[in-house]
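The structure under discussion appears below in the form of structure tokens.
The values are calculated or read from the model by the stated rules, or taken from the named source; none is laboratory data. All values derive from a computational prediction rather than experimental measurement. A quick note on method: Cβ atoms are made from the backbone with ideal geometry, for glycine too, and the neighbour counts reach across all protein chains shown. In case anyone asks, the SASA skips ligands and DNA or RNA and just uses the protein heavy atoms, side chains included. Shrake-Rupley method; radii C 1.70, N 1.55, O 1.52, S 1.80 Å.
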Amino acid sequence: MRSAFPRLLSPVTVGGVALRNRVVMGSMHTGLEDRDWHIDRLAAFFAERARGGVGLIVTGGYSPSREGWLSPFACALLTEADAHRHRAITDAVHAEGAKIALQILHAGRDSEVPISVSASAVTSPFSAFVPRELTEEGIETTIADHVRCAELAKLAGYDGIELMGGEGFLINQFLAPRTNHRTDRWGGSTENRQRLAVEIVRRTRQAMGPQFLISIRMSLAEFVEEGQTFDEIITLAKQLEAAGLDLINTDIGWHESRVPTIATSVPRAAFVRYTAEVKKHVSIPVVAANRINTPEVAEDILERGDADLIALARPLLADPDWVNKAAADKADEINTCIACNQACLDHTFTGKFVSCLVNPRACHETLLQLLPTRRAKRVAVVGAGPAGLAAAIGLAERGHRVELFEADDKIGGQFDLARRVPGKEEFNESIRYFTRKLELTGVRVHLNTRVTAEELAAGGWDEVVLATGVRPRMPDIPGIDHPMVLSYPELIRQERPVGKRVAVIGAGGIGFDVSEMLTAHGSTALNLEEWQQEWGVTADPQAPGQMTAPSVTPAVRDVTLLQRKSGAFGTTLGKSTGWIHRAALDAKGVQQVGGISYDGIDDRGVHISYGANHEHKRVIEVDNVVVCAGQESVRDLHAQLVYRGLPVHVIGGADEAAELDAKRAIDQGTRLAAAL
Ligand code: NAP
Ligand code: SF4
């Protein structure tokens with residue numbers, strides 16, 4: 001059969017290394033790297049992606065020295081004993097036909113250790129320590145550390161290395177005037193700032209010979225003030241090629257950038273133009289990355305000649321079989337990464353192991369398995385939101401006979417709401433995936449069916465899974481039933497017209513989403529041009545850090561966001577995405593009023609009290625009020641089912657509405673499916 005993605009799946013030789021296709025699994029720090037005793041779990045994680053068809057895997061970043069640790073005792077490759085332990089990883093990946101490179105990451109000033117070093121003594125927002133400016137001798141040692149790490153990687157069985165040259169880590173700290181204030185031959189001019197990167201590549205090539213893959217991850221757009229210009233980045237690419245580099249992998253931004261680069265609101269393949277431009281200036285292959293999550297997008301990039309390979313990171317957390325499914329012309333079966341960051345980056349930033357919201361097995365491959373059942377049961381799942389869907393397909397995959405009952409005329413639950421929020425269109429992919437998976441696993445789906453306890457009792461089910469979700473909380477405020485008041489589902493589904501002045505009650509994740517939606521000008525399509533203008537991104541090759549003044553499209557409504565608690569707004573939002581939502585509301589001029597109580601709602605608007613003893617009164621005059629005050633569990637059936645003696649399991653929002661959370665819902669549904 002002819003593949004729908006011939007370029008993506010065509011073999012390529014990079015340096016001396018033959019790859020079976022053009023899919024690179026981009027580096028991700030899972031947390032498993034940091035402790036030796038997790039190496040078998042890490043090997044299983046990589047092996048599953050290798051089995052899934054990936055051509056080249058890049059590991060998470062290992063430091064070449066203790067000074068370069070990301071945090072105390074974080075992963076490093078320093079000794080031959082370390083290298084021997086890595087055999088578990090390289091052997092497992094090679095057994096599945098993929099190649100693997102070790103990423104070498106020296107954190108520089110971002111290191112959270114007191115012995116941190118950098119180009120200059122410029123503090124990082126991510127570390128409490130002032131880095132020591134490297135001496136000339138220290139720079140020589142740092143280069144030697146990188147070369148030694150590459151040698152150890154070879155001893156460990158890796159096919160090559162990737163140097164972390166972007167994201168604001170050590171090599172990048174030398175490259176950019178922002179962090180390199182030196183006046184010796186390692187700072188000042190472009191050539192001097194690029195010397196460290198070039199020397200590391202040159203000496204690594206000398207030491208490793210021609211067959212060992214040497215790649216670099218370069219931030220092709222830095223999105224920070226006093227960053228490199230794009231012209232400098234082109235020069236760097238050419239210098240590195242001349243020094244013996246085999247491959248350039250795209251990176252975008254620094255960790256401290258205040259331009260979103262991988263959030264779900266970033267248009268797909270938004271940064272490919274940088275990769276395409278670099279490709280024009282070098283003859284070694286270049287890899288496109290960031291917000292590429294479907295084989296169609298990947299194939300288009302290769303077909304246009306914008307890149308030679310495609311890096312996927314989070315999409316391979318979401319679906320380890322991404323490549324095999326594309327190859328088998330089953331792209332509609334891919335569990336697509338929705339760029340939510342909730343179980344990957346947010347976990348990294350809070351010290352947890354990485355996983356995936358849509359695939360809770362990610363990084364738990366040896367612990368959470370959907371093995372064939374020895375006794376097929378008849379299972380009724382009530383509710384086709386994320387929890388019910390995950391349970392239904394997991395159970396059916398194991399061989400149980402599953403029927404799914406949904407009161408609505410469609411599946412999706414809270415995902416069906418989320419997908420309608422501008423910038424969250426990726427949730428459509430999850431609904432497409434679940435729809436297809438229900439077909440493939442043979443789950444019988446009953447839409448428009450509000451099943452009763454009597455019917456369930458009469459059905460003779462071995463197990464009943466209650467995943468009936470939540471209903472929006474309507475707080476007990478005088479006038480809450482005024483015609484100007486909408487619930488957030490009514491607003492998101494655009495069921496009623498909304499005036500120009502709107503108050504939003506409740507500033508959780510949904511209050512923020514709703515406020516963004518109210519200020520946006522209608523279209524839900526992700527628009528690259530507008531997005532670049534709003535975040536101050538420029539194509540000017542001489543602009544430091546590719547930044548310019550943002551130009552925000554004015555809000556179409558006056559929105560006031562309200563919360564009862566005092567203090568900052570948006571503190572419960574995701575670690576890696578909360579700042580984006582806060583910045584978006586600030587840019588659109590959304591008023592944020594906290595530390596209040598609600599006195600009532602009438603024709604004028606929302607009456608509030610504020611002050612230390614709520615002694616001051618005010619009316620926020622609006623045309624409409626949207627209530628985003630959280631949710632309450634819907635589990636009316638539970639007591640009736642227990643009363644009838646049915647074995648019932650409550651999951652998702654029906655179990656716990658307080659933290660209505662798709663990550664927990666899917667995880668809980670999958671774990672139940674694995675256990676029954
Ligand atoms: P939420 O985060 O619990 O926020 C609801 C807000 O309503 C609270 O901040 C609370 O603030 C207010 N509230 C609660 N009870 C109230 C009452 N009786 N009267 C008036 N106000 C009341 O809930 P959500 O916004 O519905 O979000 C639910 C979940 O969805 C989140 O936990 C998150 O996992 C997910 N989500 C996240 C995002 C995101 O991160 N971007 C977006 C959408 C959804 P005060 O008590 O201070 O007024
Ligand atoms: Fe993608 Fe979200 Fe999964 Fe991270 S948690 S891999 S962003 S779907």
Within segment 461-488, restricting to residues that are touching a Gly at 6+ places or on another chain (Cβ under 6 Å) and of a type in the set (A, V, I, L, M), the one that is farthest from ligand 1 (Cβ to nearest atom) is Ala467
Any residue in segment 388-407 that is within 16 Å of ligand 1 (Cβ to nearest atom), under 27 Å from Pro489 (Cβ atoms) and assigned to a loop (DSSP other than H, G, I, E, B)?
-> no
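Please verify whether Ala43 is farther than 24 Å from Arg304 by Cα and either of a type in the set (Ser, Thr, Tyr) or assigned by TED's automatic domain parsing to the domain that holds Glu299 (or both), treating the condition exactly as stated. Spell out the reasoning first.
Details: farther than 24 Å from Arg304 by Cα: yes; either of a type in the set (Ser, Thr, Tyr) or assigned by TED's automatic domain parsing to the domain that holds Glu299 (or both): yes.
Yes: the conditions hold for Ala43.
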Could you say whether any residue in segment 638-650 is in a helix (DSSP H, G or I) and within 16 Å of ligand 2 (Cβ to nearest atom)?
-> no
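Kindly indicate which of Lys617, Lys588, Lys565, Lys663 is in the same structural domain as Met484 (by TED's automatic domain parsing), within 30 Å of Thr468 (Cβ to Cβ), among the charged types (D, E, K, R) and in contact (Cβ under 8 Å) with a residue 12 or more places away in the chain. Lay out the reasoning, then the answer.
Details: Lys617 fails: within 30 Å of Thr468 (Cβ to Cβ); Lys588 fails: within 30 Å of Thr468 (Cβ to Cβ); Lys663 fails: in the same structural domain as Met484 (by TED's automatic domain parsing).
Only one candidate passes the filter, namely Lys565.
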Please work out which one of (1) open to solvent by 40 Å² or more (accessible area, probe 1.4 Å); (2) within 21 Å of Ser219 (Cβ to Cβ); (3) in contact (Cβ under 8 Å) with a residue 24 or more places away in the chain is the condition Thr548 fails and give its number.
-> (3)
(1) in contact (Cβ under 8 Å) with a residue 40 or more places away in the chain; (2) outside any loop (DSSP other than H, G, I, E, B) all hold for Ala81 apart from (1)
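Would you mind stating whether Glu516 is over 28 Å from the mean Cα position of the chain (by Cα) and among the acidic types (Asp, Glu)?
Values: over 28 Å from the mean Cα position of the chain (by Cα): no; among the acidic types (Asp, Glu): yes.
No: the conditions fail for Glu516.
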Name the residue, out of Ala307, Ala263, that is within 16 Å of ligand 1 (Cβ to nearest atom), part of a loop (DSSP other than H, G, I, E, B) and in contact with a helix residue (DSSP H, G or I) (Cβ under 8 Å, 6 or more places away or on another chain).
-> Ala263
Taking segment 310-354 and keeping residues acidic (Asp, Glu) and within 16 Å of ligand 1 (Cβ to nearest atom) leaves Asp346
Contacts under 8 angstrom Cβ, first residue in segment 332-351 being over 13 Å from Pro315 (Cα atoms) and open to solvent by less than 30 Å² (accessible area, probe 1.4 Å), partner more than 6 Å from ligand 2 (Cβ to nearest atom) and modelled with pLDDT under 90, 6 or more apart = Asp346/Gly574; Asp346/Lys575; Asp346/Ser576; Asp346/Thr577
Please state which of the following conditions Pro72 fails to meet, knowing it meets all the rest: (1) farther than 23 Å from Thr141 by Cα; (2) without any contact (Cβ under 8 Å) to a residue 60 or more places away in the chain; (3) out of contact with any Leu (no Cβ under 6 Å at 6 or more places or on another chain).
-> (1)
Of Gln211, Gln206, which residue is open to solvent by 30 Å² or more (accessible area, probe 1.4 Å) and outside any helix (DSSP H, G or I)?
-> Gln211
Could you please give the count of residues in segment 330-352 that are over 21 Å from Ser265 (Cβ atoms) and at pLDDT below 95?
-> 3
Restricting segment 588-619 to residues that are open to solvent by less than 40 Å² (accessible area, probe 1.4 Å) and not in a strand (DSSP E or B), which is farthest from Gln342 (Cα to Cα)?
-> Gly611
Within the set of pairs 6 or more residues apart or between chains, which connect a residue that is outside the structural domain of Asp321 (by TED's automatic domain parsing) inside segment 86-108 to a residue that is in a strand (DSSP E or B) with Cβ atoms less than 7 Å apart?
-> none
Can we say Thr183 is more than 30 Å from Val24 (Cα to Cα) and not in a strand (DSSP E or B)?
-> yes
Inter-residue pairs, beta-carbon under 7 Å, first without any contact (Cβ under 8 Å) to a residue 60 or more places away in the chain and aromatic (Phe, Trp, Tyr) and in segment 459-481, second away from ligand 2 (no atom under 16 Å from the Cβ) and open to solvent by 30 Å² or more (accessible area, probe 1.4 Å), 6+ apart = none
